[in-house]
Structure formats: structure tokens, C-alpha cells
Amino acid sequence: MSDENRCQVCQSAASQKCSGCHTVFYCSREHQRADWKKHKKMCKPYKICHDEALGRFLIATKDISVGDIVLQEPPLIRGPSQVTMPVCLGCGNAIDEKNFKPCAKCGWPVCSSTCEKSPNHIPECQYTSSRGSKITISTFGSIHPSYQCVTVLRCLYQKQFLSETWKKIDLLQSHCAERKLTSKYEKDRVSIAQFILNFFKLRQVFTEEEILRVCGILMVNGHEVPLTNPPHVAIYEIASMLEHKCNANCNRTFTSQGAVLVKAGTAIKKGDHLSICYTDPLWGTLNRRHHLYESKFFWCLCERCADPTEFGTYFSAIRCQKPNCSGYILPSSFLDQSANGKLPNWTCNKCESSCNSYHAQEILDRIGQDLHEMEKGTTKAAKDFIKTYEKYLHSNHYYLVDVKLALSQLMGHEDAFGLPAVGDDDLQYKARLCQGIANLVKTLAPGESRLRGLLLFELHATVAELGRRNADPQQLPAVLQESKKLLQESCDLLRHEPDCLPEGKLYIQAQKNLKEIDVVLMALHRSIGDAPL
Ligand SMILES: C[S@@+](CC[C@H](N)C(=O)[O-])C[C@H]1O[C@@H](n2cnc3c(N)ncnc32)[C@H](O)[C@@H]1O
């Protein structure tokens, strides 16, 4: 049984949930009543607001502590991503020519009889069988164009038959006017709208505009859900209203059943806007802003984008190459790009020499190309890259952080011998990398708890191994306490990750390690006498 179906009071199986926040379960009305005094402080800690610039957004209606669940809700619609290889239309996982069966009614491949009957599959099954002949999918393992229409059809089905869900979908922004100016709109018109109208013979039911609006809704509001392999896309009623910030105060994960779970990544004050990061917080500012503009149609103006130093981290900064200068080069603002597509000159914060933005971009493009071509999966290639480019970039630069992050994960995982096989210097280096990146992530993207949880897990193991090698027996308890503290923090950050994801598995491992550390500490306490527990 999953944690989410346990009674908040007695932990027994529970089927009733709080109708206010849908985040906690009870086995009986008695237990719900008994818990209300406590739970009402947590129930639905936000309200929906609206303004011209953001559309709808959420505001905290009370102070929210780090780690608290802000909301949890099932998807309105879920389905294959627009660009995908063939997947089972019941469970969403990849299928190949050896492990599928065509649905008896419509021909779309599914992986089992159970999946054939899945409610997820009803819309495309009904539309396909109504057209009079089945669909045939015969190529697997690579992107298949017919799947582009499936999630769109699932939304259209709601429009035609299930008006309550459709009303909620219909409220989501589609940015049709902006999309019309893009080449993606024309592509969607031909490969999705025309395909749906012609192949499924739905000209009497939907217009091209209606279908393209659904494409826009999915593009602007779709969440990539990693619970299936490959990930699928889902839209949610309330979570879709969360605004974006690159230094968001909330983060998002999923339950194993596909509900979205939004948690506070920082302490949030009553009246604060609730935000998540729509993009990768470890991309550089220019890439994040372009991505948001191209996929969500706004130029991000968050505090992080507005500060070229990104809170003093110099995450996008190039080293000044003037002799004897130890300064860093950045533009005075990254925001001007939204006005005229051009950035101001990049200027050194020490010697004030400057270069134009094209030149700075050229340097970054060249390094980016080298990173792209760098051999992946070996510590040597990563170390060489860092050694070469620390001369040109700030040590916190996103290219270096990208490689350092990969290196921190590789050390101790390159072979079956684990951390004990890593040399002393490398082990110290791994500890510095994990700690440095965890601190950087906390500053840049405080809501990003998953990555920090992962880094602190690696760090706890590294600290324990260093202690095992170097500490004298008297110091060992203190080292283990330090390792335990890091592990505890990692557990707090990962505790809502579902078991089926790597982060959820890590959480299970972290809990086991916590118990083991306690056993060792207890043994040391007994043998040394005054070791702290
Ligand atoms: C997932 S929707 C969020 C909900 C949406 N505001 C609504 O009314 O349904 C994403 C859209 O919200 C708006 N938005 C979100 N965050 C924003 C931000 N930081 N600045 C400007 N617009 C933003 C943009 O129009 C974006 O395309």
C-alpha cells in the first residue's frame, strides 16, 4: 500500500480524503474530525488570483514551512508526449514489436489485456473504431508520427462528452495568438489538426482552430511526468496555475499514481506568490529565458534573471582575459534582450574592459560545442574539461557546474568497487564538489530539493568514507554525526519522491543508511564510552 492511502491519524488503510486539499487521507469521519484542529492549519494553503501580466496565479494564504505539501491533485488528462516512440496507450510505457498486442477494437498497440481496458485509452479507441477501420502501427523504437494526435484526442474527447473536465481544461492558457506567428503552429496544423480531421473523419465535430487551441493548451500547461518510460505528459487543474520563477519557492514531484505533488522548497510567507521553475534551473540565463519565451511565450523577469551575477554566484560569467586582471565579465543586464533581441556589452567588474555580446556569445558557443563533444561517462574527460575551462569561466559557470555535477556522480560509481576504490585526493575532491554544488543550488534555485537531496546523499557517503580512512577512533563518532546530519537533510528533501523513481529509491536507501549509522554510533558509544549518540 502506498503512503498516500494511509490514515493521517492511525496509519491504517484509508479511502476518504480531505475534500479541501486532497492531500491527506482518513479511515473514518471520526479520525478526520479528530485531526481537523491540526489539519486545518495545512488545508489548502493558497488562493487563486489573476492579473494582466501573469493570468491566473496562486498566492499563499498562510505561512508555509519548508517541505510542506502545498497541493496534490490527479491529472485532468494524461497521454503520450507529442514526440514519442510507440508506447502502450494503457500504461504509457514503451513497447516493441515483441511485447505488444493490437487493441481488439481499434488496433492501437497496448502491452496487455488490462491496458486494453484502461480508461486512459477510451478516447482514441472510440474515435479510431468509429472511423471504420483500425490503425496499424508497425515500426517501433523510434519516433512515430501517429502518436502526436493521441493526447490532443483525449482532450477533445472531454470537450465532446465530458463537459466538467473540459470546463477546467478550457480555462488554461493556449497563447494561440502568439503561436500563430510560429512555425510550430503550422506544423501542428498539418500534422495534428489535419490528421485528426481527415484520418478520424471528425470534420463535423471539431474545427481546425479548436484542435490547435488544444495543442496550445498542452504546450503551455503540459507537465512532463517521468513515471513512465519514456515520460508522458499531463495537465492539472490547479498546478497548471503556478507561475514560473527561475528561483522558485516550490518544487514538483509526482505520486506513483500520477498525481502531481507540489511542495514548499523554501519558507513561504502569507501573501507570497507560489512558483515553480518551468525550465532547468542549471541552464544559463540566456538559455532559460529563450526557452521560456519560445515554449511559454513570456520573458522571465524574476529576481534571478534581473541580477546578472545571479545572486553573486557568477553562474553565467566569463573570466576577464586581460593580463593580471582577476575580474569577471557579464552584461549589465540580461533583460534587455527581450526588448530588441540584443544584449548590452559584457564588462569586466574589475578592469572595466568590455566586449560586445556577440563576441561573448561566440566564446560560450565554442565552449558549449566542446562540452557537447566531450566523452561522457569518464572521470578523466570531465577533469580535463574542468582544468581547461576554469581558465576562461567562473568556477560556478553553468558549463563547469554541468561537468562538475556529472563528475561528482561518477566518482565512486565508475566500477563495482564503489567509494572504497576512490583515491584519497579524488574522495576529497568529490566531497568539495557535492558540497559546492549543493550550496550553489540552494542559492540559485532554493526550491530544487531533488537535486540537493541527491548531492547530500553522495556527500554523506563520501564524508563517512573519508572518516573511515582518516579519522582516529576518538574523532570517528563526530565524523559519523556529520554524515548522519547530511543524510537526514537528504531524507527530508527526498521524502515525497515515489518509490518508482531513482530519487524515491535513494530515499529508501537513505533511510536504511540512517539506521546503519545509528547502529555504528551505538557500538562506538559502547566501546569508547563518551561518543555522542
Ligand atoms: C502554466 S500557465 C500558468 C497559468 C496561467 N497563468 C493561467 O492563467 O492559466 C503558463 C503561463 O502563465 C504565464 N506566466 C507564468 N509565469 C509567468 C511569469 N513569471 N511571467 C509572465 N508570465 C508568466 C505565461 O502566460 C505562461 O505561458
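The values are calculated or read from the model by the stated rules, or taken from the named source; none is laboratory data. Model, not experiment: these values are computed from the prediction. We place every Cβ from the backbone using ideal geometry, glycine too, and count neighbours over all the protein chains shown. Please note that ligands, DNA and RNA were not included when accessible areas were found on the heavy atoms of the full protein model with its side chains. Shrake-Rupley method; radii C 1.70, N 1.55, O 1.52, S 1.80 Å.
As a test of the formula, what do you get for the chain when each DSSP H run with n ≥ 4 contributes -39,500 (n - 2.57) and the sum is divided by the residue count, at 222 nm and rounded to the nearest 500 deg cm²/dmol?
Values: 19 runs with 223 residues, N = 533.
It lands at -13000 deg cm²/dmol.
Among all the aspartates and glutamates, which ones have a C-alpha under 15 Å from K269's C-alpha, if same-chain residues fewer than 8 places away are not counted?
Result set, ordered by chain and number: D63, D68.
Can you list the residues, at least 5 places off or on another chain, whose amide H is less than 5 Å from the amide H of L393, using H built in the peptide plane?
R319
By the gyration tensor of its Cα atoms, with a ≥ b ≥ c the square roots of the eigenvalues, what is the shape of segment 167-276: rounded for a/c under 1.5, prolate for a/b over b/c, or oblate?
Working: a/c = 2.57, a/b = 1.91, b/c = 1.34.
In terms of gyration-tensor shape, prolate.
Work out, step by step, the length gained on full extension between K167 and D336: first 0.36 nm times the residue separation, then minus their alpha carbon distance; give nm to one decimal. Don't skip to the answer; put the middle values down first.
Working: separation 169, 0.36 × 169 = 60.84 nm, distance 3.82 nm.
Taking K167 through D336 to full extension adds about 57.0 nm, to one decimal.
Size of the dipole of segment 289-361 about the Cα centre, Lys and Arg at +1 and Asp and Glu at -1 on the beta carbon, nothing else charged, in debye to 20? Present the calculation step by step, with values, prior to reporting the outcome.
Numbers: 7 positive and 6 negative charges, 36 e Å.
It comes to approximately 180 debye.
In debye, nearest 20, what is the charge dipole magnitude of the chain about its Cα centre with +1 on Lys and Arg Cβ and -1 on Asp and Glu Cβ, if you could check?
Working: 65 positive and 58 negative charges, 293 e Å.
Using Cβ point charges on Lys, Arg, Asp and Glu, the chain gives about 1400 debye.
Share of segment 404-529's accessible area from carbon and sulfur, percent, 1.4 Å? Walk me through the numbers before you get to the answer.
Details: 3350 of 6070 Å².
Carbon with sulfur: 55 percent of the solvent-accessible area.
Please tell me the relative contact order of the chain in percent, rounded to the nearest whole number, where contacts are Cα pairs under 8 Å and at least six residues apart.
Numbers: 890 pairs, mean separation 59.1, N = 533.
For the chain, the relative contact order is 11 percent.
Whenever you get a sec, compute what percent of the accessible area on segment 140-247 sits on carbon and sulfur atoms (1.4 Å probe).
Heavy-atom surface of segment 140-247 belonging to carbon and sulfur, 1.4 Å probe: 54 percent.
Taking a cut-off of 14 Å between Cα atoms, list the aspartates and glutamates near K117, but don't count ones fewer than 8 places away on the same chain.
Reachable aspartates and glutamates: none.
Put +1 on the Cβ of every Lys and Arg and -1 on every Asp and Glu Cβ in the chain; which of A421, P123, L242 then has its Cα farthest towards the positive end of the dipole?
Among A421, P123, L242, the one farthest towards the positive end of the dipole of the chain is P123.
With the dipole of the chain worked out from charges on the C-beta (+1 for Lys and Arg, -1 for Asp and Glu) around the Cα centre, which of G141, S163, I192 lies farthest toward the positive end?
S163
Express the relative contact order of segment 41-95 as a whole percentage, based on alpha carbon pairs under 8 Å and six or more residues apart in sequence.
Values: 40 pairs, mean separation 12.1, N = 55.
The normalised contact order for segment 41-95 reaches 22 percent.
Once the whole set of protein chains is in place, how much accessible area is left on I235, using a 1.4 Å probe, in Å² to the nearest 10?
The accessible area comes out at roughly 0 Å².
Give the ranking of F297, F334, F161 by solvent-accessible surface, highest area first, calculated with a 1.4 Å probe. Spell out each step's value before the answer.
Working: F297 30, F334 5, F161 100 Å².
Largest accessible area first, the list is F161, F297, F334.
In debye, nearest 20: dipole of segment 371-505 around its Cα centre with unit charges on the Cβ of K, R (+) and D, E (-)? Don't skip to the end; give the middle numbers.
Numbers: 17 positive and 20 negative charges, 52 e Å.
Dipole about the Cα centre, nearest 20: 240 debye.
Using θ = phi - 60° and the Karplus curve 6.51 cos²θ - 1.76 cosθ + 1.60, what whole-Hz ³J(HN,Hα) does each residue of segment 225-232 get, with Gly and Pro shown as x?
Running phi through 6.51 cos²θ - 1.76 cosθ + 1.60 with θ = phi - 60° gives 10, x, 6, 10, 10, x, x, 10 Hz.
In sequence order, what are the phi-derived ³J(HN,Hα) couplings for segment 89-97 according to the Karplus relation 6.51 cos²θ - 1.76 cosθ + 1.60 with θ = phi - 60°, rounded to whole Hz, with x for glycine and proline?
Here the 3J(HN,Hα) series is 7, x, 9, x, 8, 4, 10, 10, 4 Hz.
Between beta-carbons, use under 13 Å as the cut-off and find the net charge around A177, counting Lys and Arg +1, Asp and Glu -1. Kindly include the intermediate steps, with their values, before the conclusion.
Details: positive: R179, K180, R213; negative: E178, E209.
My count for the surroundings of A177 gives +1.
Taking 7 Å along the Cα-to-C-beta vector as the label spot, tell me the I143-H525 distance in nanometres, rounded to one decimal.
Computed distance between label sites I143 and H525 equals 5.8 nm.
Suppose R0 equals 45 Å; then what is the FRET efficiency for N345 and M374 from their Cβ-Cβ distance, rounded to the nearest 0.05?
On the way: r = 30 Å, r/R0 = 0.66.
For N345 and M374, the calculated efficiency is 0.90.
Could you state the accessible area per residue of the chain in Å², with a 1.4 Å probe and every protein chain left in place? All intermediate terms of the calculation are to be shown ahead of the outcome.
Values: 25870 Å² over 533 residues.
So the chain comes to 49 Å² accessible per residue, rounded to a whole number.
From the C-alpha gyration tensor of segment 253-370, pull out the three semi-axes of the equivalent ellipsoid (sqrt of 5λ each), sorted largest to smallest, in whole Å. Mind dumping the intermediate values first?
Numbers: eigenvalues 205, 52, 43 Å².
Here the semi-axes work out to 32, 16, 15 Å.
Could you state the per residue volume, in Å³, of the convex hull enclosing the Cα atoms of the chain?
Details: hull volume 103.8 nm³, N = 533.
Dividing the Cα hull volume of the chain by its residues yields 195 Å³.
Specify whether the C-alpha gyration tensor of segment 1-94 places it in the rounded, prolate or oblate class, a ≥ b ≥ c being the square roots of the eigenvalues: rounded for a/c under 1.5, otherwise prolate if a/b is larger than b/c and oblate if not. Write down the numbers at each step before the final one.
Details: a/c = 2.94, a/b = 1.23, b/c = 2.39.
Cα axes put segment 1-94 in the oblate bin.
What list of ³J(HN,Hα) couplings, whole Hz, do you get for segment 266-272 from phi and the Karplus terms 6.51, -1.76, 1.60, once you set θ to phi - 60° and write x for glycine and proline?
9, 5, 10, 8, 3, x, 5
Between A471 and C43, what's the calculated FRET efficiency when r is the beta-carbon distance and R0 is 45 Å? Round to 0.05. Present the calculation step by step, with values, prior to reporting the outcome.
Working: r = 47 Å, r/R0 = 1.05.
The value I calculate is 0.40.
Choose one of T266, G90, Q481: the residue whose Cα lies farthest towards the positive end of the charge dipole of the chain (beta-carbon charges +1 Lys, Arg; -1 Asp, Glu; about the Cα centre).
Of the candidates, G90 comes out farthest on the positive side.
Averaging sequence separations of C-alpha pairs under 8 Å and six or more residues apart, then dividing by the length of segment 136-281, give the relative contact order as a whole percent. Intermediate results must be reported in sequence, preceding the final value.
Working: 150 pairs, mean separation 26.5, N = 146.
Once divided by the residue count of segment 136-281, the mean separation gives 18 percent.
Measure off, as a whole percent, the carbon and sulfur share of the 1.4 Å-probe accessible area of segment 261-364, all protein chains present.
Details: 2480 of 4850 Å².
Summing carbon and sulfur atoms, their accessible area is 51 percent of the total for segment 261-364.
Multiply the residue separation of D499 and H50 by 0.36 nm, subtract the distance between their alpha-carbon atoms, and state the gained length in nm to one decimal.
Values: separation 449, 0.36 × 449 = 161.64 nm, distance 3.62 nm.
Roughly 158.0 nm would be gained on extension.
With the Cα gyration tensor of segment 370-458 giving a ≥ b ≥ c as the square roots of its eigenvalues, does the rule (a/c under 1.5 for rounded; else a/b larger than b/c for prolate; else oblate) give rounded, prolate or oblate?
It comes out oblate by the Cα gyration axes.
Equivalent-ellipsoid semi-axes (√(5λ), Cα gyration tensor) for segment 111-169, whole Å, largest first? Could you put the intermediate results ahead of the total?
Working: eigenvalues 101, 37, 31 Å².
Equivalent ellipsoid semi-axes, largest first: 22, 14, 12 Å.
Taking a cut-off of 18 Å between Cα atoms, list the aspartates and glutamates near K159, but don't count ones fewer than 8 places away on the same chain.
E124, D170, E208, E209, E210, E237
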